[in-house]
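The values are calculated or read from the model by the stated rules, or taken from the named source; none is laboratory data. The structure presented is a predicted model; accordingly, all values stated were derived computationally and were not measured. Using ideal geometry, Cβ is built from the backbone for each residue, glycine included, and neighbour counts are taken over all protein chains shown.
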Amino acid sequence: MSMASSVRRRARRAHRPGAVVGAFVVLVAAVQLWGVVPAGASPSMQSTGSSFASVAIQQWVGQSSTLYGLNINWQVSSSVIGLNNFGQNQIDFAASDIPYSAEQSTYYPSQPYQYLPDVAGGLALMYNLPGKDGQQITNLNLNAHVIDEIFLGEITDWNSPAIVALNPQLAGDLGGPIHPVYRTDASGENYLLSDYLLHEDGGDFTAAQNAFQSGNPGQPSASWPVPASSAHPSTSTYPGWAAGNPVGQSGSDNAANYVSALASVGSITYVETAYAKEHNLPVANLANQSGAFVQPTSLNVATALEDALLHPDLTQDLTNVYSNTQPNAYPLSAYSYIVAPCTPTLAGTQHSSCAANPAGVPGSNPTGPTSPFPPEKGQALGQFVDFLACAGQEKMASLGYSPLPPVLVQEDFYAIGRMNGGQEPPPVSAADCKNPYVDGETLLPGSPTVVGVIIGGAGTGGSPTTTAAGGAGGSGGSGTKSGTKSGSGSSRSGGSGSSSLAAQEAAAGLTPQLAAEGYTLVNGQIVRKLGVGGPNQFERADALVSATDAVGNPRFAVYAGWALLVLGLILLPPLIAMRISRRRQAAAPDPPTGA
């Protein structure tokens, strides 16, 4: 054997461990991923709707795709488009800030459906207003009456006495035309702002609806009131329209982009706080019932929503939110929702029901016991809802929203169990739900009142509960301010206060077993009333750690497995190429000894 051949053989033996290591890396990666990645691809699901919640939904869709391989095609549009598309069976689930009971949509579901709260947020007044020194003003104060007059075209200049009176700290620094940017598309933002103004400054708003021949006067609308071509409102009352000051934009993105443009000096619009954060523009301090001017921070939104009343189908009455008297309550706060399929038979096992279409509207009322939603989609959508209600809420405050309180996380868990293929998660606990209000990372100021009628009376199937004197109002209906306020208050009292309460409970069918499960009697109806959650409602799990720093967490196996696989794919090809090269060299004949 020649010396050259011997050297080549030693070199090949020296590189064999590298090839073995590379193959071992790939093998380990495959073992790590085996059984962790689903055997089949997640079904493709289509969704559209709310721009109010869109920044949050976009993040959840991306995160759930990375973590679980979920395949959700989310397209931001508006609440009304989401409701219409779901009503026409064009999408698998919708996102909306408006319920079907508000009758703002054209189409209504023919399949059983339900509402799932997904996030809370504040409708912020985002503005672009430099002072006389050219620097952006960041401490603008507004109240309901001035907001009303700005967006109805009654106030046209930032130096208006009504604005100056609210901003003595800006004396001499305000001036220039106001360019209010309103939504031209039918949206949840329009509905929420109009509902708020009707409750807090109803006379002016109703008068404009009449003058503009817009909507149903005295009722909130997803379409912003704009003078009709046949209407000629007094230019002395609404001079902004005559001057062409109001600017229409379709969608929150376009409204926020318009206001943030350098040329849009003096403009103002209403968007969820996340859009103002994205554009790094200030939002107005809004006067609340206590007289304080507050920002739409996560805490202030959560504080205001303590006074929200949620009906049996979880749709919201925001009357008491608008008039919340706590000093830090941000009054223009609301929940947003996922509108998803529901199976009545599954709901029945929970002593609950699916939502129902309002009476007298186009479309059939879904009353059948089954749902056409495929189980494989129900399983995937359930996983998505589980994620958004827990880990998905972790960064909501920094994004511009307010996380769901534990009581609504639990309601979302129940809703998962009402979908074909959905597997209801165990009861909410800090060990399993990394929601900052659940695991104790953030102190919870309080929770909304959730009233769920399960036996008898109006209120089942999505109709407003009868616990209120004066009917339902806010975003859930159209009752009067005084009536809904007293109604929301009465729903908190619980029970009838009668000395014969036990007899009434027995007559209504409240068995000891139901009472032990947390049900009670409210105005003669058996309800599940979830209590106000506090910082000690769930013990903080000190051992709770994120997927990136917990080796025992199943997600760590996914990350580690993919990392090893990538490493193997990087290292193995060069090693294989080197081995092939060595073999070719070994196959070549040795040069002649005398050469």
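Out of the range 265-291, which residues are in contact with a helix residue (DSSP H, G or I) (Cβ under 6 Å, 6 or more places away or on another chain) and of a type outside the set (Phe, Trp, Tyr)? It would help to see each step written out before you state the result.
Going through the range 265-291, the residues in contact with a helix residue (DSSP H, G or I) (Cβ under 6 Å, 6 or more places away or on another chain) turn out to be 267, 269-271, 274-275, 279, 281, 283.
The answer is Ser267, Thr269, Val271, Ala274, His279, Leu281, Val283.
Check Gly203, Gly266, Gly218 and return the single one that is small (Gly, Ala, Ser), touching a Leu at 6+ places or on another chain (Cβ under 8 Å) and surrounded by fewer than 18 Cβ atoms within 10 Å (Cβ to Cβ). Break it down stepwise before answering.
On the way: Gly203 fails: touching a Leu at 6+ places or on another chain (Cβ under 8 Å); Gly266 fails: surrounded by fewer than 18 Cβ atoms within 10 Å (Cβ to Cβ).
Just a single option satisfies the conditions, and that option is Gly218.
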Exercise. Before we move on, is Leu314 crowded, with 24+ Cβ neighbours inside 10 Å and on the phi > 0 side of the Ramachandran plot?
Worked result: yes
Exercise. Which of the following residues is assigned to a loop (DSSP other than H, G, I, E, B), of a type in the set (Val, Ile, Thr) and within 26 Å of Val294 (Cβ to Cβ): Ile155, Ile163?
Worked result: Ile155
Exercise. Can you name every residue in the range 167-200 that is buried (at least 17 other Cβ atoms within 10 Å of the Cβ) and among the hydrophobic types (A, V, I, L, M, F, W, C)?
Worked result: Leu170, Leu174, Ile178, Val181, Ala186, Leu192, Leu193, Leu197, Leu198
For this session: Would you mention how many residues in the range 405-423 are of a type in the set (Phe, Trp, Tyr) and either within 13 Å of Thr343 (Cβ to Cβ) or not in a helix (DSSP H, G or I) (or both)?
Result: 1
For this session: Considering only the range 225-262, state which residues are more than 18 Å from Thr138 (Cα to Cα) and of a type in the set (A, V, I, L, M).
Result: Val226, Ala228, Ala231, Ala242, Ala243, Val247, Ala255
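Yes/no matrix, rows are residues, columns are (1) part of a loop (DSSP other than H, G, I, E, B); (2) surrounded by 24 or more Cβ atoms within 10 Å (Cβ to Cβ); (3) basic (Lys, Arg); (4) at negative phi:
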{"residue": "Leu67", "(1), (2), (3), (4)": "no, no, no, yes"}
{"residue": "Asn73", "(1), (2), (3), (4)": "no, no, no, yes"}
{"residue": "Val80", "(1), (2), (3), (4)": "no, yes, no, yes"}
{"residue": "Asn89", "(1), (2), (3), (4)": "yes, no, no, no"}
{"residue": "Pro109", "(1), (2), (3), (4)": "yes, yes, no, yes"}
{"residue": "His145", "(1), (2), (3), (4)": "no, no, no, yes"}
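One line per residue, one yes/no per condition, for (1) touching a Ser or Thr at 6+ places or on another chain (Cβ under 8 Å); (2) under 16 Å from Pro239 (Cα atoms):
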| site | (1), (2) |
| --- | --- |
| Glu154 | yes, yes |
| Asn159 | no, yes |
| Ala171 | no, no |
| Pro180 | yes, yes |
| Leu197 | no, no |
Exercise. What pairs come up if the first residue lies in the range 416-434 and is closer than 17 Å to Gln393 by Cα, the second is in a loop (DSSP other than H, G, I, E, B) and of a type in the set (Lys, Arg), and their beta carbons are under 9 Å apart, counting only those six or more places apart or on different chains?
Worked result: Ala430/Arg540
For this session: Return a yes/no flag: does the range 135-147 have any residue that is modelled with pLDDT of 95 or more, under 19 Å from the mean Cα position of the chain (by Cα) and of a type in the set (A, V, I, L, M).
Result: no
Exercise. Here is a list of conditions, (1) of a type outside the set (A, V, I, L, M); (2) at pLDDT 95 or above; (3) over 30 Å from Thr325 (Cα atoms), and Phe212 meets all of them except one; can you say which number that is?
Worked result: (2)
Seminar exercise, completed: Taking the range 346-374 and keeping only residues that are modelled with pLDDT of 90 or more and either of a type in the set (Val, Ile, Thr) or on the phi > 0 side of the Ramachandran plot (or both), one is left with Thr349
For this session: Confirm whether Ala124 is out of contact with any strand residue (DSSP E or B) (no Cβ under 6 Å at 6 or more places or on another chain) and modelled with pLDDT of 95 or more.
Result: no
For this session: Inspect all residues belonging to the range 173-184 and state whether any of them is modelled with pLDDT of 95 or more, of a type in the set (Ser, Thr, Tyr) and assigned to a strand (DSSP E or B).
Result: yes
